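First the structure, in the form of structure tokens, and then the observations on it.
The values are calculated or read from the model by the stated rules, or taken from the named source; none is laboratory data. Since we're looking at a predicted model, the values are computed, not measured. Cβ coordinates were reconstructed from backbone atoms using ideal geometry, including for glycine residues, and neighbour counts include every protein chain displayed. Keep in mind that these areas ignore ligands, DNA and RNA; they rest on the heavy atoms of the full protein, side chains included. Shrake-Rupley method; radii C 1.70, N 1.55, O 1.52, S 1.80 Å.
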Amino acid sequence: ALTYAKDSSKIMSELQKIRYKKAVIDFDQRNHFFVEDWIKNNKAYLEIDTTWSDVDSIQVSDKKKFNGFFKKEYSAENPKTPLRYLSKEKSESVFSKKWEGDDGIYGVALVGHLDWLWVTHTGFLILKKGEIPKFRHASSKEKKVSEVELVSYLKSRKKINGMALFKFSELK
């Protein structure tokens, strides 16, 4: 929202466009599910990057279960969503050494073990030439934004299958 807002007075409205389908502030319009909602409804801001991906999978995302946590109905069929992502093993291999490419920032969607939800955490992959790639994320454990080597983070998480990377679109 900070990046795409034309000036500081537009930040909140830009944020609502990202958080909610058609910027309609309502529980049913909220982009709760990262792959199924957030990415699908924010194509103007990002695209999935499958450059290194090695896993193709399809998952039924249980929106009925999720809505039930909030005592809300979900009357549509649960969506069946494909996702191409990097396995945890390949992620650790690709990002365990000093980066040799161009500097850059990617969005990271961590794919967990839950059978009803693709993405269990998100953050940013920070690539700087000559440095081990970093993962910047909002840490609930540390209660702040934290930056660690991506490979260390992945190795410390047993319930991660891999990660999907996405690129941010240029400002228009």
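What trypsin sites (Lys or Arg not before Pro) in segment 77-109 are in a loop by DSSP, with at most 10 other Cβ atoms within 10 Å of the Cβ? Don't jump to the answer; show the numbers that get you there.
Working: sites: Lys80, Arg84, Lys88, Lys90, Lys97, Lys98; in loops: Lys97, Lys98.
Counting only loop positions with at most 10 other Cβ atoms within 10 Å, the trypsin sites (Lys or Arg not before Pro) in segment 77-109 are Lys97, Lys98.
I want the local charge near Val55. Using Cβ-Cβ distances under 9 Å, sum +1 for each Lys or Arg and -1 for each Asp or Glu among the other residues.
Values: positive: Arg84, Lys90; negative: Asp54, Asp56.
Charge balance near Val55 sits at 0.
For Asp62, Asp115, give me the order by solvent-accessible area with a 1.4 Å probe, most accessible first, ignoring ligands, DNA and RNA. Kindly include the intermediate steps, with their values, before the conclusion.
Working: Asp62 45, Asp115 120 Å².
Of Asp62, Asp115, the descending order of accessible area is Asp115, Asp62.
Rounded to whole Å, give me the distance from the Cα center of segment 98-139 to that of segment 1-80.
One Cα centre to the other: 18 Å.
Restrict the search to segment 1-85; then list the chymotrypsin sites (Phe, Trp or Tyr not before Pro) that DSSP places in a loop and that have at most 12 other Cβ atoms within 10 Å of their Cβ.
On the way: sites: Tyr4, Tyr20, Phe27, Phe33, Phe34, Trp38, Tyr45, Trp52, Phe66, Phe69, Phe70, Tyr74, Tyr85; in loops: Tyr4, Phe33, Tyr45, Trp52, Phe70, Tyr74.
In loop regions of segment 1-85 (DSSP not H, G, I, E or B), the sparsely surrounded chymotrypsin sites (Phe, Trp or Tyr not before Pro) are Phe70.
Please give me, ordered by residue number, the GluC sites (Glu not before Pro) of segment 50-115 that lie in loop per DSSP and have at most 13 other Cβ atoms within 10 Å. Walk me through the numbers before you get to the answer.
Values: sites: Glu73, Glu77, Glu89, Glu92, Glu100; in loops: Glu73, Glu77, Glu100.
Answer by residue number: Glu73, Glu77, Glu100.
Which links in Lys6/Lys141; Lys64/Lys90; Lys21/Lys71; Lys90/Lys167; Lys63/Lys134 stretch past 29 Å when you go from one Cα to the other? Mind showing how you got there, number by number?
Details: Lys6/Lys141 34 Å; Lys64/Lys90 33 Å; Lys21/Lys71 21 Å; Lys90/Lys167 19 Å; Lys63/Lys134 32 Å.
As for pairs spanning more than 29 Å Cα to Cα, those are Lys6/Lys141; Lys64/Lys90; Lys63/Lys134.
Across 10 Å bins from the origin, how do the percents of Cα pairs in segment 32-122 run, short distances first?
14, 43, 29, 11, 3
Take the alpha carbon gyration tensor of the chain, find the square roots of its eigenvalues, order them as a ≥ b ≥ c, and report rounded if a/c is under 1.5; if not, report prolate when a/b exceeds b/c, else oblate.
Values: a/c = 1.81, a/b = 1.25, b/c = 1.45.
Because a/c hits 1.5 or more and a/b fails to exceed b/c, the chain counts as oblate.
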